[in-house]
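S.K.: Below you'll find the structure I mean.
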Amino acid sequence: MNYQAIRAALENPLLTAFNSLVPAVPVFFDNITAVPPNTTTEYVRINITFGITNEPTLTSSVDNARGALIIRIFTEKGRGPARNQTLLTTAVNVLETLNNTAKTNAGTFMRLGEINGPTFSSTDEAPHFVGRIDTSWVATVLT
Amino acid sequence: MAKNAFDELSRWGDRVAVNLLYKGRARAAEQVVAELQELGPRWSGKFSNSWRISTPTGTVAGGTGQEGNPVPVKAPELSGADVRTKLFGSPFKIDNTASYADVATDLATGDFENPGKPALKPVSRGNRTKGIRGEPWPVPGTRGTEGPNRATAPLDWFTTYVDGGSLDKAIEKAMRQSEKGFK
């Protein structure tokens, strides 16, 4: 099982999409402390978790895994949801593209489930307004 | 008298049909709650004991919110009315009555409040700052170890359980065990 290939298949297109925005929006992945330049800077937190690996009934291949993808968008609190939703749309577009990518003979074949959310929240102490989506994923490592 | 006998028979028939059809689903609901209790955060135990199983007609089991280690929740008995109300899928609904359940499941952000007593599960710290459950409050120059935040469950434990296949496995296992018992 190549967990890193699965992680890369999810992370790379999202990173590319947010880096391509003008200005680019910082993206922080698992095990990286999010430290943007100041507390009002918008940023994206992407967490990938693994559930079951090599479930025999999932596909004919035994090199497969399931898990969850959680995307949180942090924008400035008190300024409405518009900017947060714009960034969420960027993420959702990437997920839809990923889901429509045809299966090849090599690499990692990825399919995503339904997208839950977005849900929005903020707290008294934190300076950010947080939009959150999550989805399930099933990946088969073909090579 | 005859009407009473008929009523009794009808009630008995209801119970038999319900038991045959829904025993596996009841066991599945119990198994899922047990796993959620085990995987989720547990400081005082209130959240673990706030999981409950309910039926369409409003019969509820669990959800006491008592402190301490998790108490297993037994699915409520189903009536014929429950089954008729929910013909397809499981008639059991699982939810959590804690007011902060959305924060404890990482579906919303929240400010961490130290309960001021030892936790019932091992506590980790260091990957979040400034008390924000689910996501650090970024403080320039810090590496996430200075904040007061503590966690007794990994970030996104609930979403991982639901989306990562463990929920499906729990249901499948309970249904299979129930079928074996029926034979």
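None of the figures in this text is laboratory data; all of them are computed from the coordinates on show. Note that the coordinates shown come from a computational prediction; the quantities given were computed from them, not determined experimentally. Virtual Cβ from ideal backbone geometry, glycine too; neighbours counted across all protein chains shown.
S.K.: Assuming R0 = 51 Å, can you tell me the calculated FRET efficiency for the pair B:V60 and A:L21, based on Cβ-Cβ distance, to the nearest 0.05?
M.R.: The calculated FRET efficiency here is 0.60.
S.K.: Next up: With θ set to phi - 60° and the Karplus curve 6.51 cos²θ - 1.76 cosθ + 1.60, what are the ³J(HN,Hα) couplings of the range A:88-98 in order, to the nearest whole Hz, using x for Gly and Pro?
M.R.: 4, 4, 4, 5, 5, 4, 5, 5, 5, 4, 4
S.K.: Taking neighbour counts of Cβ atoms within 10 Å as a proxy for exposure, in what order, fewest first, do A:I73, A:I48 appear?
M.R.: Ranking A:I73, A:I48 by Cβ neighbours within 10 Å, fewest first, gives A:I48, A:I73.
S.K.: Can you give me the pair-distance distribution of the range A:3-141, C-alpha pairs, 10 Å bins, whole percents?
M.R.: 11, 41, 31, 13, 4, 0
S.K.: Could you list B:S99, B:S124, A:S121 so that the one with the fewest beta carbons within 10 Å of its beta carbon is first and the one with the most is last?
M.R.: With the sparsest Cβ surroundings first, the list reads B:S99, B:S124, A:S121.
S.K.: Pulled fully out, how much extra length does the chain show between A:T89 and A:N54, if you take 0.36 nm times their separation in residues and subtract their Cα-Cα distance?
M.R.: Taking 0.36 nm per residue and subtracting the Cα distance, the gain is 9.4 nm.
S.K.: Hey, got the average number of other protein chain Cβ atoms within 10 angstrom for residues in A:135-141?
M.R.: Mean partner-chain Cβ count within 10 Å for A:135-141: 2.
S.K.: So if R0 is 35 Å, what FRET efficiency would B:E179 and A:A82 give, r being the distance between their Cβ atoms, rounded to the nearest 0.05?
M.R.: So the FRET efficiency works out to roughly 0.10.
S.K.: Still on this structure: Run the helix sum for chain A: -39,500 (n - 2.57) per DSSP H stretch of 4+ residues, divided by residue count, reported at 222 nm to the nearest 500 deg cm²/dmol. Walk me through the numbers before you get to the answer.
M.R.: Details: 2 runs with 35 residues, N = 143.
After summing the helix terms and dividing by the residues of chain A, the value is -8000 deg cm²/dmol.
S.K.: Right, here's the next one. Across peptide B:155-162, how many C-beta atoms of other chains are within 10 Å of each residue C-beta, on average?
M.R.: Averaged over the peptide's residues, the number is 6.
S.K.: Which of A:D124, A:D30, A:D63 moves most in a GNM of chain A, Cα contacts under 10 Å?
M.R.: Comparing A:D124, A:D30, A:D63 in a Gaussian network model of chain A, the most mobile one is A:D124.
S.K.: Moving on to the next point. Which percent, nearest 5, of DSSP beta bridges in the range A:2-143 are antiparallel?
M.R.: The answer is about 95 percent antiparallel.
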